[in-house]
């Protein structure tokens with residue numbers, strides 16, 4: 001928590017400039033296991049987007065907490081009563097399954113195996129305890145339509161608590177390939193990429209249980225991907241007591257991080273070296289500057 005919980009403040013995206021027919025299709029996957037409490041927010045955040053073509057796959061790991069009933073209700077076009085879209089207008093899930101898997105990475109890979117699309121179309125996953133912000137899909141699809149040479153996009157991160165109240169914000173400077181090799185600041189829930197770079201990089205490595213998103217980004221980078229950070233908040237990352245990030249960090253997370261950093265840099269690097277690295281310090285200073293500008297009301301700045 002960076003500040004006391006408050007009502008979620010939504011920023012406006014810029015006006016769309018591309019032809020809707022030229023915007024790429026999105027393929028979105030949600031891996032889930034025992035997240036019935038938060039799952040409706042994630043599902044609604046995808047299904048209530050507009051202005052894009054989107055296929056949506058939910059891959060549940062065999063939950064027993066009521067998640068299956070929630071997913072089935074959304075699949076039948078019957079969301080909960082507080083939905084912003086009427087039942088008759090509600091799009092259905094493209095596909096869903098609830099079955100045992102080998103963990104989050106395996107569920108994501110299984111979900112994407114059920115998707116389709118052209119090389120220039122887009123892919124992303126949103127975990128069942130996170131959620132997208134309204135208008136994010138149309139903005140992202142429009143951005144990719146206007147920047148055909150861009151392969152990967154991500155944005156700032158908005159932190160929320162268990163009740164979806166805002167408790168913090170991450171401000172990410174312009175993307176820096178060298179910083180990415182040192183540390184993964186990219187908010188996974190805000191990341192979208194083209195299918196062409198996914199295929200070129202070989203998809204998700206399911207051996208990673210914690211840092212699978214950083215591994216994927218580093219392989220995108222090695223494959224020559226053009227990666228851009230856009231100066232907008234695209235999604236919310238939820239902080240809660242049972243989240244995987246906290247549970248796995250000390251057991252497998254740090255080991256995977258150390259392995260990926262050594263692979264990217266060609267050698268092992270000590271925590272002291274990381275903390276004092278001039279590139280990293282410069283990146284953090286730029287982040288603080290962006291936060292300062294935002295607090296002054298200067299938003300959307302690069």
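The values are calculated or read from the model by the stated rules, or taken from the named source; none is laboratory data. In this text, all values refer to a predicted model and were calculated from it rather than measured experimentally. Every residue, glycine as well, gets a Cβ built from its backbone with ideal geometry; the counts of neighbours run over all protein chains shown.
For the stretch 106-138, a residue qualifies if it is surrounded by fewer than 21 Cβ atoms within 10 Å (Cβ to Cβ) and closer than 15 Å to residue 232 by Cβ, and the qualifying residues are 134, 135, 138. Of all the numbered requirements in (1) at pLDDT below 95; (2) surrounded by 14 or more Cβ atoms within 10 Å (Cβ to Cβ), residue 241 misses one, and that requirement is (2).
Residues that are in a helix (DSSP H, G or I) and either in contact with a helix residue (DSSP H, G or I) (Cβ under 7 Å, 6 or more places away or on another chain) or touching a residue at least 60 places away in the same chain (Cβ under 8 Å) (or both) within the stretch 92-134 comprise 104, 105, 106, 107, 108, 109, 111, 112, listed in sequence order. Screening 281, 234, 260, 217 for residues that are surrounded by 13 or more Cβ atoms within 10 Å (Cβ to Cβ) and farther than 27 Å from residue 49 by Cα leaves exactly one candidate, 260. Within the stretch 162-172, the residues that satisfy the criterion of being within 17 Å of the chain's Cα centre (by Cα) and either outside any strand (DSSP E or B) or farther than 30 Å from residue 7 by Cβ (or both) are 164, 171, 172. If the condition is being in a helix (DSSP H, G or I) and surrounded by fewer than 22 Cβ atoms within 10 Å (Cβ to Cβ), then the stretch 198-211 contributes 199, 200.
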